[in-house]
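Only one structure is covered here, and it is reproduced in the block below.
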Amino acid sequence: MRPEATQHSQQPAIHRPHDASGVRIAVVASSYHADVTGALRDGAVAALLARGGTNPLLESAPGAFELPMIAQALAARGDVDAVVALGCVLTGETSHDRYICDAVAHGLMQVALRHGTPVTFGVLTCVTIEQARARSGGTKGNKGGEAMDAAIDAALAIRRHADAAARMKP
């Protein structure tokens, strides 16, 4: 086992403020591998509602490669506190999956930095469809819910710091 994996598993749980009311979240989910991405989306919505949020703005993308473009449009709206990007890329016979995942990860980060809006990476990068199903509501949990929790936490942190900065201005 990698040292960082061992260290991570021994870390205490992060305390999350429960209240996500007033946090406006957009979710964009790839249509490719729709059974998996639909379950990720359902997990994300359930996580938001469980923390007191309201139904998110839902959008779809043809595939994972298009997630950054649609996330950018959502972040640019100005009424969204965070974007959750969900997808599923499976390893194939070629290295295509690596190029897609790299482009999506970098693209989503660029959107977040450009707009100052958290954009979370809820894209499964699995070898098999069975692994993807296990991570979209199966035996390995639901990574869509985890991506939503990260989006809420980041949006609330940014809000706290923006509020503190506003109080410090004369």
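The values are calculated or read from the model by the stated rules, or taken from the named source; none is laboratory data. The model shown is predicted, which means the values in this text are computed figures rather than measured ones. Here the Cβ is made from the backbone with ideal geometry for all residues, glycine too, and neighbour counts use every protein chain on show. Note: areas computed on protein heavy atoms with side chains; ligands, DNA, RNA excluded. Shrake-Rupley method; radii C 1.70, N 1.55, O 1.52, S 1.80 Å.
Go over the candidates 81, 149, 163, 97 one by one and state the one that is at pLDDT below 95 and either under 15 Å from the mean Cα position of the chain (by Cα) or surrounded by 14 or more Cβ atoms within 10 Å (Cβ to Cβ) (or both). Checking each option against the conditions leaves just 97.
Contact map, the stretch 26-44: first residue part of a loop (DSSP other than H, G, I, E, B), second residue surrounded by fewer than 22 Cβ atoms within 10 Å (Cβ to Cβ) and among the hydroxyl-bearing types (Ser, Thr, Tyr), Cβ cut-off under 8 Å, separation 6 or more or different chains; pairs are 31/60. In the set (1) assigned to a helix (DSSP H, G or I); (2) among the small types (Gly, Ala, Ser); (3) open to solvent by less than 20 Å² (accessible area, probe 1.4 Å), residue 73 fails one condition alone, (3).
Can you tell me which residues in the stretch 110-146 are within 21 Å of residue 73 (Cβ to Cβ), within 11 Å of the chain's Cα centre (by Cα) and of a type in the set (A, V, I, L, M)? Give the derivation first.
Of all residues in the stretch 110-146, those within 21 Å of residue 73 (Cβ to Cβ) come to 110-123, 144.
Restricting the remaining residues to those that are within 11 Å of the chain's Cα centre (by Cα) gives 118-123, 144.
Listed by number, the residues that qualify are 119, 123.
Please determine whether any residue of the stretch 112-123 is at pLDDT 95 or above, under 18 Å from residue 43 (Cβ atoms) and open to solvent by 30 Å² or more (accessible area, probe 1.4 Å). Yes: one or more hits. May I ask you to verify whether residue 29 is loosely packed, with under 14 Cβ neighbours inside 10 Å and modelled with pLDDT of 95 or more? In short, no.
Scanning for something modelled with pLDDT of 95 or more, part of a helix (DSSP H, G or I) and of a type outside the set (S, T, N, Q), does the stretch 51-64 turn up at least one residue? So far as the stretch 51-64 goes, yes, one or more of its residues are modelled with pLDDT of 95 or more, part of a helix (DSSP H, G or I) and of a type outside the set (S, T, N, Q).
For the stretch 76-107, what are the residues that are assigned to a loop (DSSP other than H, G, I, E, B) and either under 19 Å from residue 33 (Cα atoms) or among the hydrophobic types (A, V, I, L, M, F, W, C) (or both)?
Of the stretch 76-107, the ones assigned to a loop (DSSP other than H, G, I, E, B) are 77-81, 91-95.
Those that are assigned to a loop (DSSP other than H, G, I, E, B) and either under 19 Å from residue 33 (Cα atoms) or among the hydrophobic types (A, V, I, L, M, F, W, C) (or both): 80, 91, 92, 93, 94, 95.
Among the residues of the stretch 124-146, count how many are open to solvent by 40 Å² or more (accessible area, probe 1.4 Å) and of a type in the set (S, T, N, Q). Going through the stretch 124-146 one residue at a time, the tally reaches 4.
Taking each residue of the stretch 142-153 that is of a type in the set (D, E, K, R) and looking for partners that are open to solvent by 10 Å² or more (accessible area, probe 1.4 Å) and part of a helix (DSSP H, G or I) with beta-carbon atoms closer than 6 Å, six or more apart or interchain, yields 149/47. If the condition is being more than 19 Å from residue 143 (Cβ to Cβ) and touching a residue at least 12 places away in the same chain (Cβ under 8 Å), then the stretch 78-105 contributes 79, 80, 81, 103.
Across the stretch 64-99, the number of residues qualifying as closer than 18 Å to residue 135 by Cβ and in contact with a helix residue (DSSP H, G or I) (Cβ under 9 Å, 6 or more places away or on another chain) comes to 10.
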